[in-house]
Amino acid sequence: MQDDSRKRSAVPVMVPVPADRPYTYRVPEGMKISPGAIVRVPLGPREVAGIVWDDAAEEVDPLKLRPISLVFDCPPVDADTRRFIEWIAAYTLSPPGMVARMLLRAPEAFDPEPWTEGLQRSGAAASRMTDARRRVLAVAADGLAWTRSGLAHAAGVSSTVIDGLKAQGVFDTVMMPPRPVVAAPDPAFRTPGLSTDQSEAADMLRRAAAKDEASVMLVDGVTGSGKTEVYFEAVAAVLEKGRQALILLPEIALTQAFLERFQERFGSKPAEWHSDVPPLMRERVWRQVAEGGVRVVAGARSALFLPFRELGLIVVDEEHDPAYKQEDRVCYHARDMAVVRGRIGRFPVVLASATPSVESRVNALQGRYDRAVLPARYAEAAMPVIRAVDLRRAPPARGQFLSPVLVGLVRETIARGEQALLFLNRRGYAPLTLCRACGHRFQCPDCSGWLVEHRFRGQLVCHHCGHHERRPEACPQCGTLDHLVACGPGVERIAEEAVHHFPEARTIVLSSDMPGGVRRLRLELEAIARGEADLVIGTQLVAKGHHFPDMTLVGIVDADLGLANGDLRASERTFQLLSQVTGRAGRTGRRSSGILQTFQPDHPVIRALVSGDADSFYEREIAERRRAAMPPFGRLAGIVVSAGTRAEAESHARGLRRAAPAASDIEVLGPAEAPLALIAGRYRFRLLVHGGRKSDMQGFVRTMLSGGPKTRGTVKISVDIDPQSFL
Ligand code: ADP
Ligand code: ZN
């Protein structure tokens with residue numbers, strides 16, 4: 001910024017390519033350029049949009065450089081956002097251009113939104129009055145500018161009536177500015193009456209939000225305690241200060257009820273940002289965020305890369321949710337990056353969860369984060385009573401998956417006119433199909449994984465690469481007819497069993513692969529909230545943040561499922577997911593319960609869920625991590641080498657390992673064949689780099705990459721700092 005006024009003949013421009021630094025371009029005579037400007041530049045045979053960067057450009061003879069083609073009429077990307085892009089690039093070991101690319105993904109928004117033609121009442125009188133014309137003139141008498149269709153609609157006439165009047169000179173044509181995507185939120189629209197706990201937490205957030213300082217607050221409150229109401233007060237505080245706010249939600253496309261709650265509090269909805277927002281709307285949101293017209297965005301993790309001009313708060317709701325981790329291209333964790341963004345922009349970040357990540361709990365314990373606790377549900381609602389059903393003692397009938405206890409409870413619940421949820425985190429009908437005659441198992445031809453039967457669609461599907469085939473009548477190996485059996489349950493199979501037990505119940509099955517996409521899921525979720533279903537059978541997407549007033553029973557079909565993963569976070573994740581799911585029960589004050597079907601009722605996770613003693617669960621988990629120097633007490637980086645042949649992948653991975661520098665506090669594990677050794681025809685080997693908390697992980701991995709073999713042929717390397725997945 002300091003050298004804004006200096007006339008420069010060449011500037012660095014960050015272009016969306018995997019280069020490790022900006023490219024230098026010539027500034028044509030008379031073009032005014034300042035850092036942050038979005039420009040169009042030639043790149044090879046094409047032209048791309050890039051961001052003018054602020055490093056001193058290398059000394060190059062400007063005449064040898066290609067010129068900038070155009071400066072877009074767009075607010076500049078501010079210095080904080082530029083530092084944020086650099087920070088993420090350095091931390092994730094990604095090319096900065098690829099991080100900048102995430103911000104530049106709304107190409108139509110670099111030009112101003114067009115103004116539209118409007119009609120305004122002129123002095124001229126209309127001849128040949130009709131009823132329709134009279135109505136139009138009455139509406140237009142306010143002297144404001146109207147669009148043709150808006151005026152027709154408001155007057156209840158067809159647009160041709162407007163045209164007729166226009167032809168008589170009754171209207172002047174005026175240009176109208178683009179309409180805001182959402183109205184401005186009003187922080188004083190409806191201030192809530194908060195409980196004592198809630199007020200204390202809200203005051204703490206408001207105090208932090210009033211300061212222009214980086215801080216992180218963990219709002220740790222049980223499901224239904226009113227965390228949303230509380231963090232809305234932080235949003236109100238930054239709105240009062242004239243700053244923008246960003247609320248990240250893991251499943252924003254499915255949590256439309258959230259938008260309505262926001263509207264009740266602030267009088268208008270926040271702007272939405274996620275992959276299901278239509279392209280034109282996305283462009284408008286981007287532009288209006290950049291211009292400052294949009295004050296609050298509710299979005300998925302990619303909303304971190306919107307061009308805010310005066311961001312003053314980020315809220316990360318359900319901060320423990322795995323959906324915040326992006327695992328392709330730039331591997332980043334949106335929660336962690338939100339904290340970084342707050343530090344750079346000197347503003348507060350609020351993390352909210354009923355089941356915080358171990359990382360955030362530790363940060364709060366060690367005083368790096370402030371913590372507000374909401375120990376009870378709002379108003380008279382009580383937490384559900386959780387009980388384990390030992391499947392060794394009370395097994396389901398042969399070939400079935402619901403124990404008699406659970407079946408009985410579902411029946412009673414439905415009879416009382418309340419709702420029950422059966423949860424199983426597995427899509428499809430059955431995870432494995434085999435031939436009873438020869439033992440043949442159906443496997444994906446391109447992946448190391450079984451094909452999952454989807455009976456509704458009549459197909460066997462690979463959940464890794466999408467490969468699908470018809471379920472045959474005969475075994476492809478031995479040719480025996482009608483001897484294929486489905487092994488294990490998915491939600492479709494539970495639905496089949498439920499129809500058998502509860503033929504009269506109105507049942508809704510929900511999983512992300514249902515036909516009809518997000519629209520249909522939204523409608524179904526709304527129907528459930530209105531009480532239009534007796535029984536819901538679903539995967540994790542029913543767990544996230546929904547408020548189902550009539551739900552009083554949640555049955556977990558297989559509480560052991562996530563524990564079998566055996567990775568670093570298996571216990572934590574299972575605890576979080578099952579707490580969330582059982583937390584759907586009893587949110588409006590009725591007695592409610594959660595049933596965990598398990599073969600290991602003594603497992604610490606199951607015990608913690610049954611006793612409701614989250615604190616001792618976290619204590620154990622934290623002690624375990626500390627002992628093993630696992631995050632957050634140690635650092636990890638995952639490196640996956642994939643290639644078209646197994647030999648290529650393996651030898652490249654070995655080469656990388658040989659290039660590891662000597663370090664006292666970092667070790668390399670592997671390479672080993674990845675648990676998912678083959679995905680979409682690519683063979684995969686994994687290296688895991690494990691270091692102490694203060695170790696220079698990035699420096700170490702960078703040395704490995706630069707000293708290792710040159711990537712050639714089909715070899716690809718992907719680096720994941722702080723990996724969440726080890727598959
Ligand atoms: P959480 O996010 O902690 O699970 P929510 O914020 O969704 O909890 O609140 C649970 C329910 O309680 C919601 O229906 C919400 O409207 C209601 N609620 C919470 N706090 C208040 C309050 N202070 N006034 C009115 N309703 C509240
Ligand atoms: Zn596959």
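Scan the stretch 39-66 for residues that are within 29 Å of R287 (Cβ to Cβ) and either out of contact with any strand residue (DSSP E or B) (no Cβ under 6 Å at 6 or more places or on another chain) or small (G, A, S) (or both) and jot them down. Across the stretch 39-66, the qualifying residues are P42, L43, G44, P45, R46, V48, A49, G50, D54, A57. Taking the stretch 486-513 on its own, how many of its residues are within 20 Å of the chain's Cα centre (by Cα) and crowded, with 18+ Cβ neighbours inside 10 Å? Adding up the residues that qualify gives 2. Would you call R284 away from ligand 1 (no atom under 14 Å from the Cβ), over 23 Å from the mean Cα position of the chain (by Cα) and not assigned by TED's automatic domain parsing to the domain that holds V77? Spelling it out, it is not the case that R284 is away from ligand 1 (no atom under 14 Å from the Cβ), over 23 Å from the mean Cα position of the chain (by Cα) and not assigned by TED's automatic domain parsing to the domain that holds V77. Taken together, the criteria place P445 among residues that are without any contact (Cβ under 8 Å) to a residue 40 or more places away in the chain, under 24 Å from A677 (Cα atoms) and outside the structural domain of A643 (by TED's automatic domain parsing).
Scanning the stretch 435-456 for residues that are more than 11 Å from ligand 2 (Cβ to nearest atom) and touching a Cys at 6+ places or on another chain (Cβ under 6 Å) yields C435, A437, C438, H440. Might you let me know whether the stretch 595-603 holds any residue that is away from ligand 2 (no atom under 16 Å from the Cβ), of a type in the set (V, I, T) and either part of a helix (DSSP H, G or I) or in contact with a Phe, Trp or Tyr (Cβ under 7 Å, 6 or more places away or on another chain) (or both)? For the stretch 595-603, residues away from ligand 2 (no atom under 16 Å from the Cβ), of a type in the set (V, I, T) and either part of a helix (DSSP H, G or I) or in contact with a Phe, Trp or Tyr (Cβ under 7 Å, 6 or more places away or on another chain) (or both): absent.
Looking at the stretch 457-483, which of the residues that are exposed (fewer than 14 other Cβ atoms within 10 Å of the Cβ) and without any contact (Cβ under 8 Å) to a residue 12 or more places away in the chain is nearest to ligand 2 (Cβ to nearest atom)? Top of the filtered list is G466. Applying the condition of being touching a His at 6+ places or on another chain (Cβ under 9 Å) and of a type in the set (V, I, T) to the stretch 678-713 and asking which residue is nearest to A89 (Cα to Cα) yields T711. Can you find even one residue in the stretch 661-669 that is surrounded by fewer than 17 Cβ atoms within 10 Å (Cβ to Cβ), without any contact (Cβ under 8 Å) to a residue 60 or more places away in the chain, assigned to a strand (DSSP E or B) and in contact with a strand residue (DSSP E or B) (Cβ under 9 Å, 6 or more places away or on another chain)? Yes: the stretch 661-669 contains one or more residues that are surrounded by fewer than 17 Cβ atoms within 10 Å (Cβ to Cβ), without any contact (Cβ under 8 Å) to a residue 60 or more places away in the chain, assigned to a strand (DSSP E or B) and in contact with a strand residue (DSSP E or B) (Cβ under 9 Å, 6 or more places away or on another chain). Please tell me if E291 is of a type in the set (D, E) and touching a strand residue (DSSP E or B) at 6+ places or on another chain (Cβ under 7 Å). No. The set of residues in the stretch 584-609 that are in contact with a strand residue (DSSP E or B) (Cβ under 8 Å, 6 or more places away or on another chain) and not hydrophobic (A, V, I, L, M, F, W, C) comprises R584, G586, R587, R590, R591, S592, S593, G594, Q597, T598, P601. Just to be sure before I move on: is A253 surrounded by fewer than 22 Cβ atoms within 10 Å (Cβ to Cβ), touching a Leu at 6+ places or on another chain (Cβ under 9 Å) and either farther than 19 Å from E113 by Cβ or of a type in the set (V, I, T) (or both) in the structure I sent? Taking the combined requirement at face value, the residue satisfies it.
Restricting the first member to the stretch 362-382 and to residues that are closer than 28 Å to E213 by Cα, and the second to residues that are away from ligand 1 (no atom under 11 Å from the Cβ) and part of a loop (DSSP other than H, G, I, E, B), the beta-carbon pairs closer than 6 Å and six or more apart or on different chains are V362/P632; N363/Y369.
The rows are residues; the columns are (1) of a type in the set (F, W, Y); (2) out of contact with any Lys or Arg (no Cβ under 9 Å at 6 or more places or on another chain).
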{"residue": "V405", "(1), (2)": "no, no"}
{"residue": "G417", "(1), (2)": "no, yes"}
{"residue": "L421", "(1), (2)": "no, no"}
{"residue": "A430", "(1), (2)": "no, no"}
{"residue": "A437", "(1), (2)": "no, yes"}
{"residue": "F442", "(1), (2)": "yes, no"}
{"residue": "G449", "(1), (2)": "no, yes"}
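With respect to the stated conditions, R411 fails to be more than 16 Å from ligand 2 (Cβ to nearest atom), within 28 Å of the chain's Cα centre (by Cα) and under 30 Å from E532 (Cβ atoms). Residues that are over 17 Å from A354 (Cα atoms), assigned to a helix (DSSP H, G or I) and within 14 Å of ligand 1 (Cβ to nearest atom) within the stretch 189-204 comprise T196, S199, E200, D203, listed in sequence order.
A residue that is charged (D, E, K, R) and in a helix (DSSP H, G or I) occurs nowhere in the stretch 542-560. When only residues in the stretch 459-485 that are within 31 Å of the chain's Cα centre (by Cα) and part of a loop (DSSP other than H, G, I, E, B) count, which is farthest from ligand 1 (Cβ to nearest atom)? Looking at residues that are within 31 Å of the chain's Cα centre (by Cα) and part of a loop (DSSP other than H, G, I, E, B), I get H467. When each of R686, R658 is tested for being out of contact with any Asp or Glu (no Cβ under 8 Å at 6 or more places or on another chain), assigned by TED's automatic domain parsing to the domain that holds T703, in contact (Cβ under 8 Å) with a residue 12 or more places away in the chain and of a type outside the set (V, I, T), the lone residue that passes is R658. Take the residues in the stretch 207-229 that are among the hydrophobic types (A, V, I, L, M, F, W, C) and in a loop (DSSP other than H, G, I, E, B), then tell me which one is farthest from ligand 1 (Cβ to nearest atom). Among them, the one singled out is A214. The C-beta contact set for the stretch 221-239 (first residue more than 13 Å from V349 (Cα to Cα) and basic (K, R), second residue within 13 Å of ligand 1 (Cβ to nearest atom) and not in a helix (DSSP H, G or I), distance under 8 angstrom, 6+ apart or interchain) comprises K227/V219; K227/G221; K227/D317; K227/A352; K227/S353; K227/A354; K227/L374.
The values are calculated or read from the model by the stated rules, or taken from the named source; none is laboratory data. In this text the structure is predicted, and so the values were computed from the model without any measurement. Counting neighbours? That spans all protein chains shown, and the Cβs are built from the backbone with ideal geometry, glycine included.
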